[in-house]
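Notes to accompany the following structure.
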Amino acid sequence: MSLDVEALRAAAARLLVAMEREFDALNTADGALGDGDLGVTMARGMRAIGELAPALPADLGLALMQCAQAFTKTSGSSYGTLMATGLITMAKALKGRTTCEASEVSGLIAAARDAMQARGKAELGGKTVLDSLDAMAKATAGLTDAAETANAAADAARAAQEELRLKPATIGRARIFGEKTIGMVDPGMQAMTAIAAAIAGRG
């Protein structure tokens, strides 16, 4: 099954609901390790995307680029910048196309991961959203069904979050808390888990 702009619009609507629901939880998680505004960042970004969703063009590359630009305008946070970087990378890969096969999702996630890693100067294993994306890219490799792909990504994001919960953060502001971060969920990974779940249509 191919993914098109209608699927993108539907996903944006689910993401808006999810980020509004997770607003307080993300702010609280971020408050323990950062500025406490991740919920604000995600909700504002998805509201902006939601406003332009009905007018998104059929060209998936252009549509994703518009989403990235809308997200960037609402947030100057580092996480918002990374999210926009990932979207822009996917947009460039899909420029001029109106459909995307499920089999391409793994590669798109991996490309976004690499671009975000280069932008954020972080390493895998540091307990960040990069670890979520890495797990999602690996879990979706070789899959060709859209629903199966979305569910695999959601499962992988959740599993990565729980696995890294047991390790200390070594990247970003969270690293200053050192061993105290063991047992704590990384806010960025928590946000990506919610994103993946929403895209898969899970509540």
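The values are calculated or read from the model by the stated rules, or taken from the named source; none is laboratory data. Quick caveat, the model's predicted, so the values are computed rather than measured. When we count neighbours, we look across all protein chains shown, and the Cβ atoms used for this are built from the backbone with ideal geometry, even at glycine.
A quick yes/no check of all residues on (1) farther than 29 Å from P168 by Cα; (2) touching a Gly at 6+ places or on another chain (Cβ under 9 Å); (3) modelled with pLDDT of 95 or more; (4) buried (at least 16 other Cβ atoms within 10 Å of the Cβ):
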site	(1), (2), (3), (4)
A12	yes, yes, yes, yes
R21	no, yes, yes, no
A29	no, yes, no, yes
A32	no, no, no, no
G36	no, no, no, no
P54	yes, no, yes, no
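With G86, G80 as the choices, which residue is free of Cβ contacts under 8 Å to residues at least 40 places away in the same chain and under 26 Å from L26 (Cα atoms)?
Residue meeting the stated conditions: G80.
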When every residue in the stretch 177-191 that is assigned to a loop (DSSP other than H, G, I, E, B) and surrounded by fewer than 24 Cβ atoms within 10 Å (Cβ to Cβ) is compared, the one modelled with the highest pLDDT is V185
Boolean, S106 is modelled with pLDDT of 95 or more and either of a type outside the set (K, R) or closer than 19 Å to A150 by Cα (or both) | yes
**Message:** Residues that are surrounded by 21 or more Cβ atoms within 10 Å (Cβ to Cβ), over 30 Å from G183 (Cα atoms), out of contact with any strand residue (DSSP E or B) (no Cβ under 8 Å at 6 or more places or on another chain) and aromatic (F, W, Y): does the stretch 60-73 have at least one?
**Reply:** yes
Checklist entry - Does the stretch 20-35 contain any residue that is of a type in the set (V, I, T) and in contact with a helix residue (DSSP H, G or I) (Cβ under 7 Å, 6 or more places away or on another chain)? => result no
